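Peer 1: First, the structure itself, so that you have it in front of you.
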Amino acid sequence: MLTKPLTKCPAWGHCLLINNDARAKLGNKIRQAREACGWTQAQLGKMLKYRYGNFVGIIESGKAEIPLEKIPLLSEILGFDPRELLKEVMSIRYPEVVKYL
């Protein structure tokens with residue numbers, strides 16, 4: 001059972017407000033990979049099929065989580081192992097479940 005509250009993000013759906021440090025660390029990892037490719041947040045946002053590129057900035061700052069449905073595409077674009085990225089996101093979102101992955 002989830003112990004943290006859900007909050008409604010105005011344009012992007014539900015984001016869980018948990019484990020800010022881990023989210024910020026993952027966001028930084030994404031920022032570094034994006035910058036290494038020479039892309040802006042808006043460019044990566046378009047590649048991820050976001051209407052607004054600023055959502056990438058929100059993810060990179062740790063203020064929002066990566067939506068699970070974006071993990072395969074984000075992994076392909078930035079060269080991450082999708083299983084490892086999924087595990088990292090799940091450990092932030094559902095720390096009590098990640099041991100079973």
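Derivation of every value follows stated rules applied to the coordinates shown; laboratory data play no part. Bear in mind the structure is a predicted one, so any value in this text is a computation, not a measurement. Note: ideal-geometry Cβ built from the backbone for every residue, glycine included; neighbour counts use all protein chains shown.
Peer 1: Between beta-carbons, use under 12 Å as the cut-off and find the net charge around GLY53, counting Lys and Arg +1, Asp and Glu -1.
Peer 2: Once all neighbours under 12 Å are counted, the net charge is +3.
Peer 1: Further question on the same structure: Under the 0.36 nm per residue contour assumption, what length would be gained going from the current alpha-carbon distance of ASN54 and GLU96 to full extension? Each step should come with its number before you reach the end.
Peer 2: Working: separation 42, 0.36 × 42 = 15.12 nm, distance 3.06 nm.
Between ASN54 and GLU96, full extension yields 12.1 nm more.
Peer 1: Can you compute log10 of I(q)/I(0) for the range 16-96 with the Debye formula, treating each Cα as one identical point scatterer, at q = 0.22 Å⁻¹?
Peer 2: Log10 of I(q)/I(0), two decimals: -1.03.
Peer 1: How much net charge surrounds CYS37 when only other residues with a Cβ under 14 Å from its Cβ are counted (Lys, Arg +1; Asp, Glu -1)?
Peer 2: Here the count lands on +1.
Peer 1: With a sphere of radius 14 Å drawn around the Cβ of GLU76, what net charge do the other residues whose Cβ falls strictly inside it have (Lys, Arg +1; Asp, Glu -1)?
Peer 2: +1
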